[in-house]
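The structure under discussion appears below in the form of structure tokens.
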Amino acid sequence: MGQLYQETGQREKAYQLFSAIPAMNPPYEMELNARIRQSEVFPGSDPKKPLKKLVQLSKSSKNTDYLDQVYYAMGNLYFAAKDTAKAIESMTLSYDKLKIMSQDLESQIDKVRECADSSTLDGCSGVGTGAEAKADTAEAKLNVAKQQIASVQSLLLTTLTLQKANIDTVGTVTNKLGNLTNLMDVSVNIVTGK
């Protein structure tokens, strides 16, 4: 239901539903997914509470396989709070985790395909039967990881573009203030006869 609210733009309702899920004691992955979804629909501008929980999640050894998602969620919240430096840092950590995961998946796919093609099965312990299905599953995960990488790259680019625009704006304002100061100095010199 929370996802439906999210898809229809009803962010506050979605946030409330996602917030209620951890108290229902669901399987861990569902709880983690709800917390991550919360970050995507956070209705406020001061995300201290959800960020605190995500920081805790990022430090938990239970979440090693999910750090890309946790960092991505943190980046979304920092971005919403207009803290571009921390948003970039979190998104970069997410990107790094996704790249490592992609490399691991590619390695798994290669090993499974080699074992499926091999007649001797030397070095293929753990692959077992259903090698093609395992390779297909790993490829599906790899495709998702690549989509997530593209999403993170897009958000990083947007963040950097906005940050540059802010820097350009600050530079323009600084230049105008400098010009105004120069004009004031000239005006003072004219009035005082210097």
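So the values come out like this:
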item: Convex hull of Cα atoms in the stretch 1-91, direction-averaged projection (nm²); result: 5.6
item: Approximate spin-label separation residue 143-residue 103, in nm, with each point projected 7 Å along Cα-to-Cβ; result: 2.5
item: Computed over the stretch 49-104, Kirkwood Rh from alpha-carbon pairs, angstrom; result: 11.1
item: Nearest-0.05 FRET efficiency for residue 114 and residue 58, computed from C-beta distance (R0 35 Å); result: 0.50
item: Backbone HN-Hα couplings from phi across the stretch 41-58 [Karplus 6.51/-1.76/1.60, Hz, Gly and Pro as x]; result: 10, 3, x, x, 10, 10, x, 4, 5, x, 5, 4, 5, 5, 4, 4, 4, 5
item: Spatially close lysines, pair count over the stretch 50-116: Cα under 27 Å, gap of eight or more or interchain; result: 24
item: Burial ranking of peptide ranges 70-77, 3-10 (average Cβ count within 10 Å, highest at the top); result: 70-77, 3-10
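Values quoted throughout were computed directly from the atomic coordinates according to the rules given, and no laboratory measurement underlies them. Quantities reported herein were computed from a predicted structural model and do not represent experimental measurements. As a convention, Cβ positions derive from the backbone with ideal geometry for all residues, glycine included, and neighbour counts pool all protein chains shown.
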